[in-house]
1. Any idea which residue in region 411-438 is farthest from residue 500 (Cα to Cα), counting only those that are assigned to a helix (DSSP H, G or I) and touching a Lys or Arg at 6+ places or on another chain (Cβ under 7 Å)?
2. Let me spell it out: the conditions are (1) at negative phi; (2) modelled with pLDDT under 80; (3) surrounded by fewer than 17 Cβ atoms within 10 Å (Cβ to Cβ), and residue 192 meets all of them except one. Which number is the exception?
3. If you go through region 228-253 one residue at a time, how many are touching a residue at least 12 places away in the same chain (Cβ under 8 Å) and surrounded by fewer than 16 Cβ atoms within 10 Å (Cβ to Cβ)?
4. Filter region 371-388 down to the residues that are of a type outside the set (Val, Ile, Thr), within 19 Å of residue 333 (Cβ to Cβ) and buried (at least 20 other Cβ atoms within 10 Å of the Cβ) and list them by number.
5. Which condition from (1) farther than 22 Å from residue 14 by Cβ; (2) in contact with a helix residue (DSSP H, G or I) (Cβ under 6 Å, 6 or more places away or on another chain); (3) polar (S, T, N, Q) is the one that residue 69 breaks?
6. Here are the criteria: (1) free of Cβ contacts under 8 Å to residues at least 12 places away in the same chain; (2) assigned to a helix (DSSP H, G or I); (3) over 23 Å from the mean Cα position of the chain (by Cα). Tell me which single one residue 225 does not satisfy.
7. Across region 386-437, which residue is nearest to residue 133 (Cα to Cα) among those that are more than 17 Å from the chain's Cα centre (by Cα) and hydroxyl-bearing (Ser, Thr, Tyr)?
8. Would you confirm whether any residue within region 151-171 is assigned by TED's automatic domain parsing to the domain that holds residue 85, in contact (Cβ under 8 Å) with a residue 60 or more places away in the chain, more than 30 Å from residue 17 (Cβ to Cβ) and not in a helix (DSSP H, G or I)?
Amino acid sequence: MSTTPTTPRPATLAEMQAHYGENYRWRLLLAVMIGTMASIMSSTIINVAIPDLSHHFHLGQERAQWASSGFMIATTVSMLCTPWLLSAFGYRRTYVVAMVMLLGGGVVGGLSNTFELVLASRVVEGIAAGVVQPIPPIIIMRAFAPHERGRAGGIFGMGVVLAPAIGPSIGGLLVSGFGWRSIFFMVVPFCIAALWLAYRYVPVSAPGGVAPDRHGNRLDWPGLLVSGVGTVALINGMVALHGTDHTQAWTLLGLAAVCLSVFWAWQHRQVRSAAQGDAVGSATGSATGATTGGAGGGKGGGQPLMHPALFSSRSFAAGSLVAFIYGTALFGSTYLLPLYIQMAQGLSAAYVGTIMLPAGLVLAVTIPLAGRLSDRVPIRVLICAGLGLLAASFALMLTLGMGAAIFSLVTWAVLGRIGLGFILPSLNNGAMSGLEPKLISQASSAINFIRMLGGSIGVSLCGIVLEWRIAVHGDSLKQAGSSPARLAAFDEAFLMLALLCVVAMVAAWRMKSTPRPAAPPPTPTSPSGAN
């Protein structure tokens, strides 16, 4: 009895490109975009439900806020694990497990009867979100040719930005109609769609087209532990600065500084250890005629979570500084602007959505246009232009007096979002251009980690500066109604963000401006042979 041999399913990026045809890379981008949208939506939509959570579980505002803070801390720390996970388990398994965790966290969170279980589900969701978010930039750098990475980044950015732009509005309707539990279930259809697409289009292989190797790659547990402790200490130290007793705050910030120093020294040690292991392995392989010695030697030291060689690239070092300041300004302004609308301009909470939603939609439209432009214009020019528009939007807030027209508020918010639209598709591509292919995964993980760290600091920094300047002007946020003194304090906080953007422009101009190659003539397998 004869059997028909089965054709093995494509596993690598190149094999899938050959199997699915010329447009495969766009299907792959859609697969990872859906999952990233779910992870970002889960991070922002919880803020709508915090008042309802506080009432249901009889919590104070500070404890209820941990549903958001716990997610952010877990996301920030887990981002550093993505390169190791991809190398050890491959693209598909890493992505699928993260989607299952996000799906499970959403279902468990929605069914929880205790706040502790809600918080645990948020941490699980945060870990999944942190693993997922560095993957799309890696895919774009490896699956797309240089002349189309800007367009790919623009299309991806448009989808991702729609999640936080529309999510809170839909979440508000869900909370009003069905209660806080409903917002946890919003991620479920996105996760199911992402899982279906992953099994069809996400390659099984690890970056570089090689087979995943669990045994030849060890996770840098000491580095992960130190970075985790340092991140928690930094975020809590910034939060503690809001209080009157600053002893705890400075203790935590000092611990964060010590952890940073220890982490950086340990990463250098990991590199030296891996190099020594490779040298011993190569010598052993030469002596025995075998080719396995190098891999074995590499096992001894493991790989660093954040390779120091990344920062020897001028573009990546400058891009990292831009990402940190960009995260600070973006998250800080997202926190500051709603407060300004309600507490300085005296408008109701309903106006926040009226003013912020048009800006979010304009951002979603701007990103793909800027992405196409970044394939033709030097990236540092676009980033500087975007930072300039963002700085102008903050500075122009100082021209508004009390009782400002809604049109003016919307206009300045839209101007800032146009600036963000120029930055988003270009920053990752610009920072990672020119790096060795083996460092791409680590570069994506590192720059996302730095951006999220800047965002965590930005929220607390804006709160600290605002409280300080309000006290200097003789006012307090506890007092009802606005005042010229309060408006002046908000103006000074916006001015700080504008100056930060100017500093980022200086760093952005240090990024190398590599020439854009012309598009190659179309061929059946072009352009996605890289893995």
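The values are calculated or read from the model by the stated rules, or taken from the named source; none is laboratory data. Keep in mind that this is a model prediction, so the values were computed, not measured. In this analysis, Cβ positions are derived from the backbone assuming ideal geometry, glycine residues included, and neighbour counts consider all displayed protein chains.
1. Among them, the one singled out is 429.
2. (2)
3. Total meeting the criteria: 3.
4. Matches in region 371-388: 384, 385, 386, 387.
5. All conditions pass for residue 69, except number (2).
6. Unmet condition: (3).
7. Checked region 386-437; the qualifying residue nearest to residue 133 (Cα to Cα) is 433.
8. Within region 151-171 (the criterion being assigned by TED's automatic domain parsing to the domain that holds residue 85, in contact (Cβ under 8 Å) with a residue 60 or more places away in the chain, more than 30 Å from residue 17 (Cβ to Cβ) and not in a helix (DSSP H, G or I)), the answer is no, since none of the residues qualifies.
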